[in-house]
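Before any comments, here is the structure.
The values are calculated or read from the model by the stated rules, or taken from the named source; none is laboratory data. Just so it is clear, the model here is predicted, and its values are computed rather than measured. Cβ placement follows ideal geometry from the backbone for every residue including glycine, while neighbour counts extend to all protein chains displayed.
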Amino acid sequence: MTPLRKRLIEDMTVRNFAPATQATYVQQVSLFARHFGQSPETLGPEEIRSYQLYLAMEKELAPTSISIAVSALRFLYNVTLQK
């Protein structure tokens, strides 16, 4: 487990996120990182926007699914990475 993933899980645990929510957020952050082949720590707003467009246009995900991914990334950047 990477230090970033560990910190993300700790941040969710202290905020009483349900285990299913934690698993979903970890999965969404992993998919985001894998999409770019980089750690989320090195990615920023442009990559997040690009990823949202990818999910909507290429993957054709439902708006709810895109919202889940965005919520996971918002938590990662605002809480865990404090950016």
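Only a single item in (1) more than 17 Å from V79 (Cα to Cα); (2) within 12 Å of the chain's Cα centre (by Cα); (3) not β-branched (V, I, T) is not met by L55, and it is number (2). Exactly one residue out of A33, A20 is closer than 17 Å to S67 by Cβ and either surrounded by fewer than 11 Cβ atoms within 10 Å (Cβ to Cβ) or in contact with a Pro (Cβ under 9 Å, 6 or more places away or on another chain) (or both), and it is A20. Take Y77 and tell me if it is in contact with a Gly (Cβ under 9 Å, 6 or more places away or on another chain) and assigned to a helix (DSSP H, G or I). When the stated conditions are applied, Y77 passes them.
Assuming S50 fulfils every condition listed in (1) modelled with pLDDT of 95 or more; (2) exposed (fewer than 11 other Cβ atoms within 10 Å of the Cβ) apart from one, which condition is it? Failed condition: (2).
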